[in-house]
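The structure appears right after this line, and notes come after that.
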Amino acid sequence: LRSEWSVPQDGKVALYVGRVAKEKNIDLAFKAFEQVRSRHDRDRMVVVGSGPELTRLQRKYPEIHYAGMQQGEALAEHYASGDYFLFPSVTETFGNVVTEALASGLAVCSFDYAAGRQFIESGRNGVLARFASDEDFIAKALALRALPEEEFDAMRVAARETAQAAMRAEGLLN
């Protein structure tokens, strides 16, 4: 998938998975990625999902790869092909995509809210921004991407370990 997405060898993939709708605060993910890309021009962003904002975003951000709705193994392959996950929602009751991203070994940038608050240890397996602060979300996305490679990789390992521990606690994994 990374070659299909035109990701250079040393580039990273920012992933967004979910409904492409205003209530998901998706514009903030795009703004954060624009800032990241201004410093890391080899990075790419991939949006997995569809919704009422898709056409507008495709016009406004043609450099983004829009993968459409994915399910099952195809969705798992999309997660597995990313490096970090941008989750800007402030309206979720939980946010299952956060745990899916963690299980896939993605460092997550989220607000300190819902699944982010429950599962992200800022600086260990992702980063948490102050709730509803666009500026802090962008700053945290930049800080995440600016980590030295060794720390970034350790964060991704910790993300997967977090998901595995949660699954064991629920009796879903031995």
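Carbon-plus-sulfur fraction of the accessible area of the chain, 1.4 Å probe, in percent?
Heavy-atom surface of the chain belonging to carbon and sulfur, 1.4 Å probe: 48 percent.
Work out how much length S133 to A154 would gain on full extension: take 0.36 nm times their residue separation and subtract the Cα-Cα distance, in nm to one decimal.
4.9 nm
With a length cut of 15 Å (Cα positions projected on each helix's long axis) and a Kyte-Doolittle mean of at least 0.0, go through the chain and give me the DSSP H helices that pass.
Membrane-span-like by this rule: 134-146.
DSSP loop trypsin sites (Lys or Arg not before Pro) in the range 116-157 with at most 14 other Cβ atoms within 10 Å of their Cβ, which ones?
R124, R130
Can you list which of the trypsin sites (Lys or Arg not before Pro) found in the range 1-65 are DSSP loop residues with at most 14 other C-beta atoms within 10 Å?
R42
For the chain, what does -39500 (n - 2.57) per DSSP helix run (n ≥ 4), summed and divided by total residues, give at 222 nm, in deg cm²/dmol to the nearest 500?
Estimated from H runs of four or more residues: -13500 deg cm²/dmol.
Does anything in the range 18-51 have its amide N under 12 Å from the 7 Å Cα→Cβ label point of D10, and if so which residues?
Flagged as within label range: 40-43.
Filter the GluC sites (Glu not before Pro) in the range 62-159 down to the DSSP loop ones having no more than 14 other Cβ atoms within 10 Å, then list what survives.
Here the GluC sites (Glu not before Pro) that fit, given the DSSP loop and packing criteria, are E63, E121.
Normalised radius of gyration for the chain, please: alpha carbon Rg relative to 2.2 N^0.38 Å, two decimal places.
0.95
Residues of the range 1-25 with the amide nitrogen closer than 18 Å to a label point 7 Å from the Cα of L147, along Cα-to-Cβ, please.
11-16
Accessible area per residue of the chain at 1.4 Å probe, in Å²?
49
Taking every pair of alpha-carbon atoms in the range 103-142, give the share separated by more than 15 Å as a whole percent.
Distances greater than 15 Å cover 30 percent of the Cα pairs.
The values are calculated or read from the model by the stated rules, or taken from the named source; none is laboratory data. If you're wondering where the values come from, they're calculated on a predicted model, not measured in any experiment. Don't worry about glycine lacking a Cβ; one is built from the backbone with ideal geometry, like all the others, and counts go over all protein chains shown. Surface accessibility is based on the protein's heavy atoms, side chains included, excluding ligands, DNA and RNA. Shrake-Rupley method; radii C 1.70, N 1.55, O 1.52, S 1.80 Å.
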